[in-house]
Amino acid sequence: MTRSLLIAAAAGLLAAVLASYFMAGPARQSRIEKPVGPDNAVAGITSAAEAWPICSTMPAMVETPDWAALDPDFAAGKRAIGRGDWEGAIGALAAAALRDDRNAEIQNHLGYAYRRLRQFDPAMLHYRRALALNPRHRSAHEHLGEAYLAQGDLAKAREHLAALEQVCLIPCEEYDDLKRAIAEYAKLASR
């Protein structure tokens, strides 16, 4: 009798979790935007390392998760990234990081803003912090791999592609973007 009750309770819990997942799924999916703007185009800067796509998932970085609405500095930093105001993003995100130094998203966004300013030392520091806080952070792996490419370190970029292959159990944009960037970089480097 007790065993039957436990099985019924477990089945009910499983059904409730599955139902909430499938009911919330379309709402999450409708917020995803198609990549637009300069972040998905090939950068035409002088060096060969800059001639691959920066990051097509950056429009998703402008989306605000529910918890982010609670921090006005984080929201302001995301808006600044959306406008391409890298210094403004760094200022706002740095203030958010002072209040929440254990947030991998904030660290990843800071790394991205510094990388876009070609300040690789602080960018790498923030990407590494993001990965220390969340080793499965897909966007941080992608961005760190792209930062290594911008510095000419193809081997390190490939390490992060391999990490993404382990993290992404199903196809993910971050893996595809970094794989595409590595292929473009290798093609340009072989010229």
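The values are calculated or read from the model by the stated rules, or taken from the named source; none is laboratory data. Model, not experiment: these values are computed from the prediction. Methodologically, a virtual Cβ is constructed for each residue, glycine included, from the backbone with ideal geometry; neighbour enumeration extends over all protein chains shown.
Only one of these is among the hydrophobic types (A, V, I, L, M, F, W, C), under 20 Å from ASN103 (Cβ atoms) and in the same structural domain as ASP100 (by TED's automatic domain parsing): LEU178, LEU149, LEU169, LEU133. Name it. Working first, answer last.
Values: LEU178 fails: under 20 Å from ASN103 (Cβ atoms); LEU149 fails: under 20 Å from ASN103 (Cβ atoms); LEU169 fails: under 20 Å from ASN103 (Cβ atoms).
Exactly one of LEU178, LEU149, LEU169, LEU133 is among the hydrophobic types (A, V, I, L, M, F, W, C), under 20 Å from ASN103 (Cβ atoms) and in the same structural domain as ASP100 (by TED's automatic domain parsing), namely LEU133.
With the structure loaded, tell me whether ALA183 is assigned to a helix (DSSP H, G or I) and out of contact with any helix residue (DSSP H, G or I) (no Cβ under 7 Å at 6 or more places or on another chain) or whether it fails that test. Show your work before the answer.
Values: assigned to a helix (DSSP H, G or I): yes; out of contact with any helix residue (DSSP H, G or I) (no Cβ under 7 Å at 6 or more places or on another chain): yes.
It is true that ALA183 is assigned to a helix (DSSP H, G or I) and out of contact with any helix residue (DSSP H, G or I) (no Cβ under 7 Å at 6 or more places or on another chain).
Looking at the range 138-157 only, could you name the residues that are surrounded by fewer than 22 Cβ atoms within 10 Å (Cβ to Cβ) and touching a Leu at 6+ places or on another chain (Cβ under 9 Å)?
Within the range 138-157, ARG138, LYS156 qualify.
When you look at ALA123, is it surrounded by fewer than 17 Cβ atoms within 10 Å (Cβ to Cβ) and small (Gly, Ala, Ser), yes or no?
no
I'm trying to understand the selection: among the residues of the range 149-174, which are assigned to a helix (DSSP H, G or I) and charged (D, E, K, R)? Steps first, please.
Going through the range 149-174, the residues assigned to a helix (DSSP H, G or I) turn out to be 149-150, 154-167, 173-174.
Answer for the range 149-174, where residues must be assigned to a helix (DSSP H, G or I) and charged (D, E, K, R): LYS156, ARG158, GLU159, GLU165, GLU173, GLU174.
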